[in-house]
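Participant: I have a structure I would like to understand better, so I am pasting it below and will then ask my questions one at a time.
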Amino acid sequence: MKKDFSIVGKEVIRQDGLEKVTGTAMFADDIVLKDILYGVMLRTTVVHAEIKSIDFSEIADNKNLTAIITSEDIPGAKKVGAIKKDQPIFCFDKVRTSGDVLAMLVGNNEKEIKKLLTKIKVEYSELPILSNSSLAMNEDAPVIHEESSNNLICEYPLRKGNVEEGFKNSDYVIERSYSTSYQEHAYIEPEAVIAIPLEGNKGVKIIGSIQNPHTTRSVAASVLGWPLAKVRVEQAELGGSFGGKDDTMNVLAARASIAAVKCNRPVKIRYNREDSILESYKRHPYKMKYKAGFNVDGKIKAMKIDIIADGGAYASMTPFVTWRSVVQATGSYEIENVETNVKGVYTNNPYTGAFRGFGSPQPVFAQESLMDEIAEELKISPFKLREINGYNSGSVTASGQILNSHEVTLKKVLAKASDESGFNDKWEKFSKDRVQKDFIIGSEQREKEFILDKEQFIEPENVWRRGIGLSCSFRGCSLGAEGIDAASVFVSLQNDGSVYLHSGLAENGQGLRTTFSIVVSEVLGIPFEDVFYLGIDTGYVMDSGPTVASRSTIMGGGAVKDATEKIKRNLLDVFIENYNIPQIARVEFTNGMVTYDKYSMSFKDLCKLAYNKGVNISAVGWYAGPNVDWDEEKGQGNAYFTYVYGCQVAEVKVNITTGEVYIENITAVHDPGKVINLLGAKGQVYGGVTQGAGLCLWEELNTIDGKIKHQNFDELLIPTSKDIDNIDVHFVEGEEEYGPWGAKSLGEPTLELTSAAISNAIYNATGVRYRNLPLNLEEIVLNRKLSPASVKRGSA
Amino acid sequence: MLNNFEFIKAKNLEEVLQLLSNSSIKTKIISGGTDVIPGMMQSSSRFSNVKRLIDINAVSELESVKETNNNVLIGSGLTFTDIVGNELLNQEFPLLCKASSKVGSLQIRNRATIGGNIVNNAPCADSLSPLLCYDASLIIQSKHLRKQIMLKDFLQKPYSTLLGDDEIITFIQIPKLRKNYKGDFYKLGRRRGVAISRLSLSVLIYTENNIIKDLRIAGGAIAPVAIRFDEVENFSTSKKINKDLLITLSQKVGKTVLDITGLRWSSDYKLPVVQQSLYQLLRKILYN
Amino acid sequence: MIQISFILNGKKVKLETDENRRLIDILREDFSLTGTKEGCSIGECGACTIIMNKLAVNSCLVLAGQLIDSEILTIEGVSENGKLNVLQENFLKYGAVQCGYCTPGMIMSIYALLLKNNNPADEEIKEAIAGNLCRCTGYKQIIDAARATADTDMITDLSQ
């Protein structure tokens, strides 16, 4: 393995930074085209209903209206979906959730056609609303999709050992229930897409804020009833995604394409924040029951887990999201006997899908809270419990996978996080400082009598309590047995030594352009500035699967390295032939020079020479993950080809009179394998931790009978600059054979750990265990949910 | 999306009053626009049918702070940023300045005016509880009339006040505090940055020899509109300050809130938290 | 329709427009200054922040008629002759940019802060950008960039 790097691992300024700091980067809504039309949505006013009729007669002759697009205009597939084709582009028989769209009005004056929406008369026959995922599998539950006999989207069992025997042989058995709520992606750029009809028989071109252009292409092509190659998708600059600009964007792109083809003019759809929150999918709310058997020595013997994930009205990524949950539900601990059952179900709630973390933040919150609860039962420290049970090299996971292909760094990240934060001493101190029994405001006895007793008033010095908590995780890299796992790039050297780089994976703001360009720069020993990453366009590069699952660096980076090394071999041949030096010569490519012994040539000259000799200096790079396997019946197999490990420690202070939690510090220690861009890697951690903290404390998104209450940033509260005092980042680079120089994954583990670490810190501070996210003011004071019963805005 | 409306940039107060007096169409005054424009964007019933906006940003009369022997007159057009940066106001009415510094974001404070905050009368409006504590009154003008009304009487229901269609608040008049009052403003939000108040409290207190001579308590976001707790204040007069009294006062405020609001969805949280927060604030003011 | 004239990025501009248009619409549609972004339309996200009369303001909350005789500075006006200002340089250097959508508004907020106070404390920096939501960065590197720019005397008022 190469140890001395010229650029890998350094702080590299991102390649697309210049246009972003000057405001010249072109996001989808910044693109202006002549003769453009706008599409606006006729959205349902009910949650679950049969559509009896839609009457457009009052607007049909309106001069501002160019077209009305409904399901009847769709030549191809009327329903789409990543796994199950259950989501209509335009609803035609039923509406199933509050974000559903029945039709789109198209015209050149967006404001004027929006006004027409209220003049369309829709007759519904309302159906009972299923809003509680726990009731979804009941006999009498309304069935959301009539083609199925029940509301089951997917079900994954996992069986290892004998869990009942395990409980019998345990000194202690505890059962706990946890839940998590919706989380909105809250990318600051709302959705926007343009479909442009191309001349003659060339088809349609789509430009938009699209996370996965190849997926968008296949959806649009299926809806148009066209071959894939007749649809070209180009990614505009993407204003944040986090897993969110996938299904929603595919549907919007399909709608725009239908309209563009029908009107033979470009059609733009751009959402405002309310549209975005209403229609886009969210993170799955999970209900999780954990039962754990363990011995006095701290060894966990058995664990039984039942999880229900609320998939909402459409399946979207639910089968993949919940599959990750079943693999990782027992956390980073070796447990002999495991029984896990994960179900994804339909409801009439907003649909749920991919979101950074992808089925891990929920079980990590539950499992890592449970670890602290077990430690509490045993009166040992949370650190020690994890030391006892945590994975080592050679450990066997719940799915029976032996962790022997990579360095298992769990104990390293745990030790590092603990040392850096001073965890053990602080934890001991805060536990001792904790004044028991005075934290009772709003408890049961207060429900009838609201005036506090004298002794319940807290003395000022006791108001703020400090606490520290930790959480650990392991995470499978890339898609695992859930999907086809390969990536491709095209690297093309110019005869002056500059480089074009085309990738099938997409820049979503995470810094992929920079990371990939660093790989090229490192392999060829050329300046980073000479590498030009070209925007992603399905017309130019092969489908590389989606840019998800923290797979870009390991898969795409691997493909870039593969392509660049192919070119380098060709250049090497030219160099060797030119100087007539031995074939086995150790030729160095560094600082823009190619050198062997006394022979030296600039990289530029070598490119020119190769070009003049007619040698190919471009290459397609390919990287496919090693085989993985999964037994659907037993939930056993090598789920992912490698894993990453992380540990976060949260230090908080809690105001026990108001429920306010302030995060003083998060120490985040991650093993992403080899770090490629230190500046970008740190940014991933800061951002992920902050989103994780949001999931834990502030980001309440309620639904009432399937309708969303929090529709804009006045009510949906994502973290601001003032909400987290500090984040301290450390990397432990574990040895890894896959990925470029052993670089693996980072984006998602950063988010999945934070909520459990904070909740455990709150326990350390208060002695109260909170099991239901988000831990907002009311939850902290009352230890239960308290929400208004209506979706009316501004109710106190 | 904003509906169509007529926009008039008024040059002076006289023009504003003239425009208001013969308005046959639904007219609103706009200054910072931080309530009006979101209201229109979200099709709030208060704003969606407004047909004419009168912009008062150029009306310099409304942007002054005047000092008389007994009073300070704050122009209704002062932004919260103006208030935070005004030396006289910081000296005379620190609670108002502290509350103003906690309104929305800096971008909002740079535009939003105190007059707008009062007229909008949101239950959570941050400037109202300090103004109530300072016994603020409002100078209201129409073409034919100039009148003065106490702020506490002006605030009627959430988002509803006594302001007539032909009227504008020109000044907020606050009597200077003759004696050495102590006090503080407390705001609780759901997050630290840019939070709508979950509750806010203002307390002013004047004591002699550890005896309460004058106590003023006001709260925002705990009742339908911002309120003063007169009965609790009266009860406190001439009482000796000790922890038990502060607890009693906090309990009485809780009881008053319960009487006013009855049980609401948020009572389980708000009632205990109002009592605890007031107790903390009183302790902070009196024991530090 | 309403006639307005104001100073935009140092140049006097005039236009006739509908009363119900907002500054952000005018910037993006009439002047093709698309660096100013819209994220919420109600003054909560700060993506549309510009500098109006030397103060950071949400351009989604300013009506066309309110622009009369004002001075507006947008992200397009903060680099002189195509040269990045030191704050922009530091945004790059400290990794303060990810997806880039909040970046122009973020830069304008910090720029306005530094115009007033060229040596702000961290708390003042955090307060100045509390109204600028960023979903990617967790703010840390943005605050680093602002801190590094403080005290450089490199921020000058380009709005006139």
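The values are calculated or read from the model by the stated rules, or taken from the named source; none is laboratory data. It should be emphasised that the depicted structure is a prediction, and the values quoted were computed from it without experimental measurement. A quick note on method: Cβ atoms are made from the backbone with ideal geometry, for glycine too, and the neighbour counts reach across all protein chains shown. All accessible areas refer to the heavy atoms of the entire protein, side chains included, with ligands and DNA or RNA removed. Shrake-Rupley method; radii C 1.70, N 1.55, O 1.52, S 1.80 Å.
Participant: Whether any residue in segment C:30-45 is open to solvent by 20 Å² or more (accessible area, probe 1.4 Å), in a helix (DSSP H, G or I) and over 22 Å from B:ASP82 (Cα atoms) is what I want to check.
Facilitator: Among the residues of segment C:30-45, at least one is open to solvent by 20 Å² or more (accessible area, probe 1.4 Å), in a helix (DSSP H, G or I) and over 22 Å from B:ASP82 (Cα atoms), which makes the answer yes.
Participant: Of all residues in segment C:47-59, how many are more than 7 Å from every other protein chain (Cβ to nearest Cβ) and crowded, with 22+ Cβ neighbours inside 10 Å?
Facilitator: Number satisfying all stated conditions: 5.
Participant: For segment B:242-288: of the residues being small (Gly, Ala, Ser) and surrounded by fewer than 20 Cβ atoms within 10 Å (Cβ to Cβ), which is farthest from the other protein chains (Cβ to nearest Cβ)?
Facilitator: B:GLY262
Participant: Name the residues in segment A:662-692 that are aliphatic (A, V, I, L, M), within 9 Å of chain C (Cβ to nearest Cβ) and either assigned to a strand (DSSP E or B) or under 17 Å from the mean Cα position of the chain (by Cα) (or both), would you?
Facilitator: Answer for segment A:662-692, where residues must be aliphatic (A, V, I, L, M), within 9 Å of chain C (Cβ to nearest Cβ) and either assigned to a strand (DSSP E or B) or under 17 Å from the mean Cα position of the chain (by Cα) (or both): A:VAL685, A:VAL689.
Participant: Of the residues in segment A:712-740, how many are open to solvent by 30 Å² or more (accessible area, probe 1.4 Å) and more than 14 Å from chain B (Cβ to nearest Cβ)?
Facilitator: The total comes to 7.
Participant: Name the single residue, out of those in segment A:202-227 being in a loop (DSSP other than H, G, I, E, B) and in contact (Cβ under 8 Å) with a residue 24 or more places away in the chain, that is most open to solvent (accessible area, probe 1.4 Å).
Facilitator: If we take residues in segment A:202-227 being in a loop (DSSP other than H, G, I, E, B) and in contact (Cβ under 8 Å) with a residue 24 or more places away in the chain, then A:LYS202 is most open to solvent (accessible area, probe 1.4 Å).
Participant: So, one more: So, of the residues in segment B:100-159 that are in a strand (DSSP E or B) and open to solvent by 50 Å² or more (accessible area, probe 1.4 Å), which turns out to be nearest to the other protein chains (Cβ to nearest Cβ)? Step through it out loud before you land on a result.
Facilitator: Filtering segment B:100-159 down to residues in a strand (DSSP E or B) leaves B:113, B:137-141, B:146-150, B:155-157.
Right, trim to open to solvent by 50 Å² or more (accessible area, probe 1.4 Å) and you get B:146-148, B:150, B:156-157.
Working: B:ARG146: 27, B:LYS147: 29, B:GLN148: 30, B:MET150: 24, B:GLN156: 16, B:LYS157: 12 Å.
Across segment B:100-159, the extreme among qualifying residues is B:LYS157.
Condition check ((1) open to solvent by 30 Å² or more (accessible area, probe 1.4 Å); (2) out of contact with any Leu (no Cβ under 7 Å at 6 or more places or on another chain); (3) more than 30 Å from A:GLN510 (Cβ to Cβ)) across all residues:
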{"residue": "A:VAL106", "(1), (2), (3)": "no, no, yes"}
{"residue": "A:SER148", "(1), (2), (3)": "yes, yes, yes"}
{"residue": "A:TYR156", "(1), (2), (3)": "no, yes, no"}
{"residue": "A:LYS168", "(1), (2), (3)": "yes, yes, yes"}
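Participant: Any residue that is of a type in the set (Phe, Trp, Tyr), outside any strand (DSSP E or B) and within 11 Å of chain A (Cβ to nearest Cβ) - is there at least one of those in segment C:68-91? Before the answer, list the steps.
Facilitator: Of segment C:68-91, the ones of a type in the set (Phe, Trp, Tyr) are C:91.
Next cut, outside any strand (DSSP E or B) only: C:91.
Then keep just the ones that are within 11 Å of chain A (Cβ to nearest Cβ); that gives C:91.
Yes, there is a match, as at least one residue in segment C:68-91 is of a type in the set (Phe, Trp, Tyr), outside any strand (DSSP E or B) and within 11 Å of chain A (Cβ to nearest Cβ).
Participant: Taking interchain pairs and intrachain pairs at least six residues apart, which have beta carbon atoms under 8 angstrom, with the first residue in segment A:557-579 and more than 18 Å from A:ALA486 (Cα to Cα) and the second among the charged types (D, E, K, R)?
Facilitator: A:VAL574/A:LYS613
Participant: Okay, next question. Out of A:SER222, A:SER241, I need the residue that is closer than 25 Å to C:THR137 by Cα and not aromatic (Phe, Trp, Tyr). Which one? Talk me through it step by step, then tell me what you get.
Facilitator: Working: A:SER222 fails: closer than 25 Å to C:THR137 by Cα.
Just a single option satisfies the conditions, and that option is A:SER241.
Participant: If I ask for residues that are assigned to a helix (DSSP H, G or I) and within 24 Å of the chain's Cα centre (by Cα), which ones from segment B:258-273 would you list?
Facilitator: Applying the first criterion (assigned to a helix (DSSP H, G or I)) to segment B:258-273 yields B:258-261, B:267-273.
Answer for segment B:258-273, where residues must be assigned to a helix (DSSP H, G or I) and within 24 Å of the chain's Cα centre (by Cα): B:LEU258, B:ASP259, B:ILE260, B:THR261, B:SER267, B:TYR269, B:LYS270, B:LEU271, B:PRO272, B:VAL273.
Participant: Of everything in segment A:704-745, what is outside any loop (DSSP other than H, G, I, E, B), within 21 Å of the chain's Cα centre (by Cα) and over 22 Å from A:GLU420 (Cβ atoms)? Give them in sequence order.
Facilitator: Residue satisfying the conditions is A:ALA743 alone.
Participant: Moving to a separate point now. Looking at (1) crowded, with 16+ Cβ neighbours inside 10 Å; (2) in contact with a helix residue (DSSP H, G or I) (Cβ under 9 Å, 6 or more places away or on another chain); (3) under 21 Å from A:LEU753 (Cα atoms), find the lone condition where A:VAL408 falls short.
Facilitator: Result: A:VAL408 fails condition (2) only.
Participant: Being in a loop (DSSP other than H, G, I, E, B) and touching a residue at least 40 places away in the same chain (Cβ under 8 Å) is the filter here, so list the residues in segment A:120-142 that pass it. Even if it seems obvious, please write down each step before you answer.
Facilitator: To start, the set of residues in segment A:120-142 that are in a loop (DSSP other than H, G, I, E, B) comprises A:120, A:127-132, A:136-142.
Those that are in a loop (DSSP other than H, G, I, E, B) and touching a residue at least 40 places away in the same chain (Cβ under 8 Å): A:ILE120, A:LEU127, A:PRO128, A:ILE129, A:LEU130, A:SER131, A:ASN132, A:ALA136, A:MET137, A:PRO142.
Participant: Look through B:PHE235, B:PHE229, B:PHE171 and report the one residue that is in contact (Cβ under 8 Å) with a residue 40 or more places away in the chain, more than 9 Å from chain A (Cβ to nearest Cβ) and either more than 22 Å from A:GLU778 (Cα to Cα) or β-branched (Val, Ile, Thr) (or both).
Facilitator: B:PHE171
Participant: Tell me whether segment A:166-177 contains one or more residues that are touching a residue at least 40 places away in the same chain (Cβ under 8 Å) and within 27 Å of the chain's Cα centre (by Cα).
Facilitator: Yes, some residue in segment A:166-177 is touching a residue at least 40 places away in the same chain (Cβ under 8 Å) and within 27 Å of the chain's Cα centre (by Cα).
Participant: Here's something else I'd like to know. Failed condition for C:ALA145, given (1) among the small types (Gly, Ala, Ser); (2) open to solvent by less than 10 Å² (accessible area, probe 1.4 Å); (3) not in a helix (DSSP H, G or I), with all others met?
Facilitator: Tallying (1) among the small types (Gly, Ala, Ser); (2) open to solvent by less than 10 Å² (accessible area, probe 1.4 Å); (3) not in a helix (DSSP H, G or I), C:ALA145 fails exactly one: (3).
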